[in-house]
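Worksheet for the structure shown next.
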Amino acid sequence: MKPDLHCHSYFSDGKHPPDFLLKRAAENNVTHLAITDHDCTTAFEKPIVSDYGVKLIAGVEISCEWNNQEIHLVGLGIDYKNPALQSLLGNQQTLRRSRVTLMADLLHQNGVDGLLQYLKKLPCTVYTRSHVADFLIQYGKVKNKQKAFKQFLGRKGKAYVTFQWQSLEKVIETIKRASGLTVLAHPGRYFLNNRKLEELVTHFAEMGGNAMEVSYGGITPLMQNRLEKLAEASSLYISMGSDFHDAEAHWTDIGKYPSPSSTAKNNAIWNHPRCYFR
């Protein structure tokens, strides 16, 4: 079994349709692929030409709030038609549209126009700051995404608008109601010191979270080792995925992530008693 349990299509901030992801997964010998778009399940609501022999897992990545910090939770094996889940995702999508509208106003004040018109031409269901960064690059305002976030979209940026997501507890509860397993996504990427990261993992486990990602694109060996130990200490299963967005971004690819240790693999999420995608 070679799974990739975290990737994105162009329905959120990825660059490619679901069919491309499945074809790429097959080419890279991935056996199980979870498409986990931000705050939407559109990938599973549209017809897919072929699965290319890859087992497709219904998933989603939901933004939430914990201690005034934006945290991402992945739901795997979800019933994407579940009314409670779709209600929460619909609310998230509304908040995202409101947020980019405010960003467009702030960009206008800084002499940059056309964001909303640009977004309307995209195939995505949800708008993210990554889309706004792409717009700023195409507009010629910045050279890359790092500069877009530093100058405009980060907390100290000229067009920053704070998030208004649901609580971590609410998102865990909703994924459970949709029969999914809840995974703490890329824990090492949050701006948390060691103590705060331990607090997050502990709280996530106490609230009924099932697993945490210990391996993903771009992770360092030191962080991977630390996350494996945190997962074990909190009795969480482990998950792994590339967090793939774009075939032109060579830092990751479908199925490309460091292999977890043999000990950690024994506690992989597909060994969870409620996991159906073994």
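Taking the condition without any contact (Cβ under 8 Å) to a residue 60 or more places away in the chain, assigned to a helix (DSSP H, G or I), of a type in the set (Ser, Thr, Tyr) and surrounded by 13 or more Cβ atoms within 10 Å (Cβ to Cβ), does residue 118 pass? So that I can check it myself, show each step before the final result.
Details: without any contact (Cβ under 8 Å) to a residue 60 or more places away in the chain: yes; assigned to a helix (DSSP H, G or I): yes; of a type in the set (Ser, Thr, Tyr): yes; surrounded by 13 or more Cβ atoms within 10 Å (Cβ to Cβ): yes.
Here the answer is yes, as residue 118 does meet what is asked.
Cβ-Cβ distances below 9 Å connect the following pairs, each with a first residue in region 160-181 that is in contact (Cβ under 8 Å) with a residue 12 or more places away in the chain and surrounded by fewer than 18 Cβ atoms within 10 Å (Cβ to Cβ), a second residue that is aliphatic (A, V, I, L, M) and assigned to a loop (DSSP other than H, G, I, E, B), and a separation of six or more residues or different chains: 169/207; 173/207; 179/78.
Entry remark, region 1-38: residues being acidic (Asp, Glu), closer than 15 Å to residue 245 by Cβ and not in a strand (DSSP E or B) number 2 in total. Of the numbered criteria (1) outside any helix (DSSP H, G or I); (2) polar (S, T, N, Q); (3) not assigned by TED's automatic domain parsing to the domain that holds residue 18, the one residue 179 fails is (3).
Checked against (1) in a helix (DSSP H, G or I); (2) buried (at least 19 other Cβ atoms within 10 Å of the Cβ), residue 222 passes all but condition (2).
To keep it simple, each residue is scored yes or no on (1) aliphatic (A, V, I, L, M); (2) farther than 22 Å from residue 94 by Cβ.
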{"position": "39", "(1), (2)": "no, no"}
{"position": "51", "(1), (2)": "no, yes"}
{"position": "54", "(1), (2)": "yes, yes"}
{"position": "62", "(1), (2)": "yes, no"}
{"position": "73", "(1), (2)": "yes, no"}
{"position": "76", "(1), (2)": "yes, yes"}
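Picking from residues in region 182-193 that are out of contact with any Asp or Glu (no Cβ under 7 Å at 6 or more places or on another chain) and not in a helix (DSSP H, G or I), the one that is modelled with the lowest pLDDT is 191.
The values are calculated or read from the model by the stated rules, or taken from the named source; none is laboratory data. Predicted, not measured: the structure shown is a model, and the values here were computed from it. Cβ: placed from backbone, ideal geometry, glycine included. Neighbour counts: every protein chain shown.
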